[in-house]
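Presented below is the structure to which this report refers.
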Amino acid sequence: MPIGIRRLLKSVLPVRTQKALLDLQRFYLAGKYQMLGRKTTRMETSKARGRRVREGFFERYCRGIGLDIGYGGDLLAPNCRPWDIEHGDALHLRPLKDASFDFIYSSHTLEHMPDPSLALKNWWRVLKLGGYLILYIPYRDLYEKKRELPSRWNPDHKFYFLVDEDDPPVTLGIVPLIRRSLSEAEIIYARVCREGFTLTDPDVHSDGEYSIEVVTQKYAQPTAVGTKKIREDLRGPGRTDTLVADGTEGRDPALSSDIGISV
């Protein structure tokens with residue numbers, strides 16, 4: 001739906017009506033994309049591509065065959081299978097077999113799930129041992145810039161996200177959520193990415209990156225999941241704060257030298 005029409009509807013329609021219209025739109029688009037296919041478009045994944053190339057992200061975490069959940073026409077990499085409304089339910093992934101992908105990627109989709117924990121468990125189910133679950137989700141304080149629902153920008157958002165702490169009733173800490181939901185897991189890193197972010201006005205849609213990026217690896221034996229300490233430092237726009245999963249504060253050796261660090 002064009003942004004202008006979405007803003008107009010938001011200003012005149014109740015939230016419940018907006019959600020009903022979104023459901024109708026989703027049903028229509030699923031049928032359309034099944035018949036005609038989906039055009040390539042530049043969305044949040046494309047925003048992060050340059051940074052990820054510099055960091056060696058694709059070489060480290062995107063080997064083999066991947067699944068891009070909620071890809072929206074903006075596929076992470078050519079070796080990804082796209083998955084969106086025209087392919088099936090993102091919450092359960094019922095047609096997909098266990099341990100069938102080397103990596104799972106999802107950009108700005110988890111916030112739309114009615115049960116984020118269940119979604120993570122099912123995404124984890126189709127991931128092979130040794131593979132990576134890569135989450136890219138809107139960071140509440142850079143994107144929503146508020147604590148309460150509804151979202152300023154998308155009435156279908158059901159939850160907001162921080163990195164390491166829950167803020168009830170609608171904000172989830174992604175690291176605690178992973179710890180509660182997944183076994184046989186180790187968080188490689190969880191960090192706030194804000195390259196190119198400059199717009200702090202809560203009434204203006206953010207620019208650049210405004211997301212949390214989390215990489216979690218699946219192991220054969222259960223390991224401690226989460227962090228001893230993660231600190232978010234949001235001083236100054238246009239940097240990426242690295243939050244190291246073992247609780248240390250400093251430079252992640254896997255990242256290129258031009259990435260900012262929480263200090």
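Counting residues that are modelled with pLDDT of 95 or more and of a type in the set (S, T, N, Q), which strands (runs of 3 or more DSSP E) fully inside region 52-126 reach at least 2?
Where strands (runs of 3 or more DSSP E) fall fully within region 52-126 and carry at least 2 residues being modelled with pLDDT of 95 or more and of a type in the set (S, T, N, Q), they are 101-107.
Is it true that some residue in region 222-231 is closer than 21 Å to Ser107 by Cα, at pLDDT below 95 and surrounded by 15 or more Cβ atoms within 10 Å (Cβ to Cβ)?
From region 222-231, those closer than 21 Å to Ser107 by Cα are 226; that's our starting set.
Those left that are additionally at pLDDT below 95: 226.
Restricting the remaining residues to those that are surrounded by 15 or more Cβ atoms within 10 Å (Cβ to Cβ) gives 226.
The answer is yes, given that some residue of region 222-231 is closer than 21 Å to Ser107 by Cα, at pLDDT below 95 and surrounded by 15 or more Cβ atoms within 10 Å (Cβ to Cβ).
Hey, does region 195-206 have a residue that's crowded, with 17+ Cβ neighbours inside 10 Å, over 21 Å from Ala48 (Cβ atoms) and touching a residue at least 60 places away in the same chain (Cβ under 8 Å)?
Taking every residue of region 195-206 in turn, none turns out to be crowded, with 17+ Cβ neighbours inside 10 Å, over 21 Å from Ala48 (Cβ atoms) and touching a residue at least 60 places away in the same chain (Cβ under 8 Å).
Would region 144-154 turn up any residue that is within 25 Å of Phe103 (Cβ to Cβ) and not polar (S, T, N, Q)?
No: region 144-154 contains no residue that is within 25 Å of Phe103 (Cβ to Cβ) and not polar (S, T, N, Q).
If the Cβ limit is 7 Å and pairs must be 6+ apart or interchain, which residue in region 151-162 that is at pLDDT below 95 pairs with which residue that is among the polar types (S, T, N, Q)?
Close Cβ pairs (under 7 Å, with a partner that is among the polar types (S, T, N, Q)) amount to Pro155/Gln18.
Is it the case that some residue within region 72-88 is over 13 Å from the mean Cα position of the chain (by Cα), farther than 21 Å from Glu44 by Cα and surrounded by fewer than 20 Cβ atoms within 10 Å (Cβ to Cβ)?
The answer is yes; a qualifying residue exists.
Taking only region 143-166 into account, find how many residues are in a strand (DSSP E or B) and either in contact with a His (Cβ under 6 Å, 6 or more places away or on another chain) or closer than 17 Å to Pro114 by Cα (or both).
Residues in region 143-166 being in a strand (DSSP E or B) and either in contact with a His (Cβ under 6 Å, 6 or more places away or on another chain) or closer than 17 Å to Pro114 by Cα (or both): 2 in total.
Is there any pair with a first residue in region 55-70 that is in the same structural domain as Glu195 (by TED's automatic domain parsing) and closer than 23 Å to Gly88 by Cα and a second that is of a type in the set (Val, Ile, Thr) and part of a loop (DSSP other than H, G, I, E, B) whose Cβ atoms are under 9 Å apart and which are 6 or more apart or on different chains, and what are they?
Leu67/Val126; Ile69/Thr109; Gly70/Ile85; Gly70/Thr109
Sort out which residues of region 97-134 are touching a Gly at 6+ places or on another chain (Cβ under 8 Å) and of a type in the set (A, V, I, L, M), and write them in order of number.
Hit for region 97-134 is Ile104, nothing else.
The values are calculated or read from the model by the stated rules, or taken from the named source; none is laboratory data. Just so it is clear, the structure is predicted and the values come from calculations on it, not from any experiment. Methodologically, a virtual Cβ is constructed for each residue, glycine included, from the backbone with ideal geometry; neighbour enumeration extends over all protein chains shown.
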